[in-house]
Structure formats: structure tokens, C-alpha cells
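The values are calculated or read from the model by the stated rules, or taken from the named source; none is laboratory data. Just so you know, these numbers come straight off a predicted model, no measurement behind them. Note: ideal-geometry Cβ built from the backbone for every residue, glycine included; neighbour counts use all protein chains shown.
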Amino acid sequence: MSYDTNNIFAKILRGEIPSHRVYEDDHAIAFMDVMPQANGHTLVIPKAPSRNILDADPETLSRLMPVVQKVAVAVKAAFEADGVTVVQFNEPAAGQTVYHLHFHVIPRNEGVALKP
Ligand code: 5GP
């Protein structure tokens, strides 16, 4: 499948729709999920136009993963969480709904389920 430049995260990257950005560097941004599954649910995306992990080039992934780690450490501390779920989905069959590569970074606490 090809990359659609009109997906929501591409519009967020271009500043066409608002987002609560918590991190930005030359290659990635992180922003709060608009429908969080837990307090502090953050999304990390590359600036490069990848649909998902299946078409991402290795350079994009190698630049992105340290940001995912940085955000995971930061949200765990900021939200005083017991742990962090890091997850991402590829194609509709796997649950992907926005077609720009993204990692969910979700603070978790003992005994607290994610919101559906
Ligand atoms: P997916 O199911 O594709 O892995 O996750 C897409 C995520 O993007 C969902 O968690 C959804 O809440 C989030 N999302 C969808 N539209 C927007 C938006 O306009 N702004 C933000 N910040 N998050 C969005």
C-alpha cells in the first residue's frame, strides 16, 4: 500500500491540524493521543513519510527508536507509572487506523486496565 499525504499525522506534521507536541527533533515528533487509553498516552512518529513499519526504511527506524525510548522513560517518570506499554499496528487487519508509522507509548499502573 502507498503513503497517503492527507493522513491525519501528515497534517499534524505540516501544522495543518493542532496537536499537543511534547518532543521534536530533526527526524521525529511526539504528541499526546487525542483519545488516550491511559493518562499520558503519547504517539511517536517519524517525519519521514512511512505508512507503517512494513515500508519504513532502516534509517527511519534507527532514528525513531531512540526517540521512542526517550519518550517512554519521560512519560513513565512524568506520570509516575509502574510501567510503559510500547505498541504499534500495521495495516487495518492489525488495528492500524492512521496510515503514518507511529508508536503508542502508554504509561501503565499495576491493576489498571487500558481504556477501550
Ligand atoms: P492506530 O490505531 O492507527 O495505531 O492509532 C491511531 C491513534 O491515533 C489512536 O490512538 C487515535 O486516538 C489517535 N488519533 C487519531 N486522530 C488523532 C488526532 O487528530 N490527533 C491525535 N493527537 N491523535 C489522533
Residues that are crowded, with 16+ Cβ neighbours inside 10 Å and more than 17 Å from Phe31 (Cβ to Cβ), drawn from the range 64-76
Lys76
When both residues are 6+ apart or on different chains and their Cβ atoms are under 6 Å apart, which pairs have a first residue that lies in the range 33-58 and is under 14 Å from Val87 (Cβ atoms) and in contact (Cβ under 8 Å) with a residue 12 or more places away in the chain, and a second that is buried (at least 16 other Cβ atoms within 10 Å of the Cβ) and of a type in the set (Asp, Glu)?
His41/Asp33; Leu43/Asp33
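Could you list, in sequence order, all residues of the range 2-19 that are surrounded by fewer than 15 Cβ atoms within 10 Å (Cβ to Cβ) and at negative phi?
Passing the criteria: Ser2, Asp4, Thr5, Asn6, Arg14, Glu16, Ile17, Pro18.
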Restricting to the range 38-48, count the residues that are surrounded by 19 or more Cβ atoms within 10 Å (Cβ to Cβ) and either away from the ligand (no atom under 14 Å from the Cβ) or modelled with pLDDT under 95 (or both).
1
Mind listing just one residue for me: the one in the range 20-37 that is surrounded by 19 or more Cβ atoms within 10 Å (Cβ to Cβ) and within 11 Å of the ligand (Cβ to nearest atom) and, of those, farthest from Val75 (Cα to Cα)?
Ile29
So, in the range 88-97, of the ones that are more than 8 Å from the ligand (Cβ to nearest atom) and free of Cβ contacts under 8 Å to residues at least 24 places away in the same chain, which residue ends up surrounded by the fewest Cβ atoms within 10 Å (Cβ to Cβ)?
Ala93
